[in-house]
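Worksheet: one structure, shown below.
The numbers here are math on the coordinates, done by the rules we state, and not lab data. As the structure is a prediction and not an experimental result, all values here were calculated from the model. Reconstructed Cβ throughout: ideal geometry from the backbone, glycine too, with neighbour counts over all protein chains shown.
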Amino acid sequence: MIFDLKVIFTFSNEIFLIKNELQSSISNFNETLLEKDKSVKIDIKDINKNLLSIDIISEGIFRPHNALLQMKNFLSKELGKKHHLGIREITIESYTIDFDLEKKPIKKINIPFADVKINEKQATIILKNVDEEFLRRNYIDRMISLVKEKVENQYYEGKEEFWKLIWKSNEKKHTWSNDPTEEMTKLGWLKQGPTKGKWFYRPQAATILKTMEIIAIEEVLKPLGFEEIIESNIVPFNVWLKTGHLEGMPGEIYYVTEPATRDVEKWERFIDLTKITKDVPLDELQKNVSLPTAGICYAQCPLIYWSFKGKTISEESLPVLLYDKTAVSGRYESGGRHGIERVDEFHRIEPVYIGTKEQLFTLREKMIERYKHVFNDIFDLEWRMAWVTPWYMQQAGKISDNSTQETGTIDFEAYMPYRGDRAKSEWLEFQNLSILGDKYIKAFNIKAQKTELWSGCSGIGLERWTTAFLAQKGINPDKWPEGFRKYLKNLPKGLKFL
Ligand code: ATP
Ligand code: ZN
Ligand code: MG
């Protein structure tokens, strides 16, 4: 890596007369930097009136922009005392960074704040018009990482996702090959709407969904010692900045805006227009709402981690075993929507676990055992488990195929007879289970007294459990497996419409 930073210092007065002194000061300063990084070189390009032009070059261990900020302090002290000279302004003429890439980019790469030039496996980023504040922030290193990440991702585009089978059940007899959403809609158990990807569950469908919730809690979470919490349904951006959701899925978030004011006078025109037109005056509304700073829950774990922010957890509370079943998840699924299995608003239970690596490995085995009990003994499902791209990488918009299997995500998938042949059709991911290492533990600065903490979560989608089960077992309770009938054998009568 080669960094080349060209800068002009503007002093409060002429520096020409102290040219020699300045030169030796800068060379002394350069000496001190050489102790940190042998490659840092400061060249004086010009000294003219009150302007000093320099060029700081380094091979990158000690970044020139850090050298520059230190040099500013150094010169201010040296010249301030003796000559009453101050530094009025620092102008960055250009900042050029050359670095090697692992692979040659397939197509052009653009990033904000800089031009990116690529020559085979060599990248150059050229920054212009940046100020001191820009250099002070940690942008430069992130810009380099971003270029590398973009090249890496170009190689994954269009490639099949990582998927490695862990376990699969026997083939099971299915009682029908219909799409449960369609059938339930025909019977009036379900109603689509009122907006895209949302559903109204009439008593029959609601009962099935709620039964799934009861089974998850009674058969999986309670026996393992999980305790329920209740969290907010609205997640502020600063939490998602830490978890990576804003980088990963900004196009799937349902954004939440607050009113800019409660002042009745400010809302008067909006109210009047609504009364007269019996329509929503959107232009007027826009004046009275703020830009969003939060979104509707995407997954429940971010707020659970947030609740532990900066805390030291007592050893006796480990492993922490919590779950939320209150917050409803909102995701803008756009073209992907289908029935109640891919919706914009869904009901999940999310268990979150924090503990030592060993505790989490043991827990993972126990959770899989309980899940297997539900899907085999209660649902009698045809399903399988596979390692997939870790959850946090998907959520951060990254793609990878090297999950270590100590950490990583397991998807649970069910055969959906209505989609066709079991070997050729796409199976439905109805839940997942992840161990995420110390990623979120670090992000939220969570500690234990002695041990190193890891964490993980599992997303139990109630709509997905429901459709997976109904797609194989049908909607006639008489034909449901005995295990499930112990929980539900009579559906509510529901309503008749004329
Ligand atoms: P998919 O690949 O199907 O989009 P995902 O990887 O986005 O799923 P996760 O973020 O891992 O899903 O969420 C975990 C669980 O949440 C899923 O296993 C599923 O049960 C449920 N889920 C996710 N998205 C939806 C959706 N749009 N509709 C219904 N359930 C969903
Ligand atoms: Zn999670
Ligand atoms: Mg998704």
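Observations, loosely collected:
- Nearest-0.05 FRET efficiency for SER27 and SER76, computed from C-beta distance (R0 25 Å): 0.90
- By DSSP, the beta bridges lying fully in the chain are antiparallel in about 95 percent of cases.
- Maximal additional length on extending the ILE61-LYS210 stretch stands at 47.9 nm, based on 0.36 nm per residue less the C-alpha distance.
- Per-pair calculated FRET efficiency, R0 = 30 Å: ASN445 and TYR156 via Cβ, rounded to 0.05: 0.45
- Taking a sphere under 15 Å around the Cβ of ILE234 and counting the other residues whose Cβ falls inside, with K and R at +1 and D and E at -1, yields a net charge of -3.
- Shape class for region 169-227: oblate, because the ratio a/c of the largest to smallest gyration tensor axis (alpha-carbon atoms, square roots of eigenvalues) is 1.5 or more and b/c is at least a/b.
- Residues ILE368, ILE214, sorted so that the one with the fewest Cβ neighbours within 10 Å comes first: ILE214, ILE368
- For VAL7, VAL264, VAL256, VAL130, order by how many other beta-carbon atoms lie within 10 Å, fewest first: VAL264, VAL256, VAL130, VAL7
- In degrees, nearest ten, helix 203-215 long axis to first principal axis of the chain (Cα): 70 degrees
- Label-point separation, LEU69 to LYS191 (7 Å along Cα→Cβ), nm: 5.9 nm
- Full-stretch length increase - SER177, ARG142 - with 0.36 nm per residue and alpha-carbon distance subtracted: 7.5 nm
- Counting neighbouring Cβ atoms within 10 Å and putting the fewest first, the residues ASP4, ASP283 line up as ASP283, ASP4.
- Computed from the alpha carbon atoms alone, the convex hull of the chain holds 226 Å³ per residue.
- The GluC sites (Glu not before Pro) found in region 431-498 that occupy coil by DSSP, while having at most 12 further C-beta atoms within 10 Å, are GLU452.
- For region 112-270: rounded, prolate or oblate by the Cα gyration tensor [a/c cutoff 1.5]: oblate
- Per-residue ellipticity at 222 nm computed for the chain from its helices equals -9500 deg cm²/dmol, with DSSP H segments shorter than 4 residues left out and the rest contributing -39,500 (n - 2.57).
- Gain on full stretching of the segment that runs from THR10 to LYS372 - 0.36 nm per residue minus C-alpha separation: 123.2 nm
- Spacing of the two label points (7 Å from each Cα toward its C-beta) at VAL280 and LYS19, in nm: 7.0 nm
- Using the Karplus relation 6.51 cos²θ - 1.76 cosθ + 1.60 with θ = phi - 60°, the per-residue 3J(HN,Hα) values for region 94-103 come to 6, 9, 10, 10, 9, 8, 8, 10, 6, 10 Hz, with x marking Gly and Pro.
- Near LYS496: Cβ cut-off under 15 Å, other residues only, Lys/Arg at +1 and Asp/Glu at -1. The net charge is +4.
- Charge context of ARG202, other residues only, Cβ under 12 angstrom, K/R +1, D/E -1: +3
- Listed by chain and number, the lysines placed with their C-alpha closer than 22 angstrom to that of LYS81 are LYS19, LYS49, LYS72; residues fewer than eight positions away on the same chain are left out.
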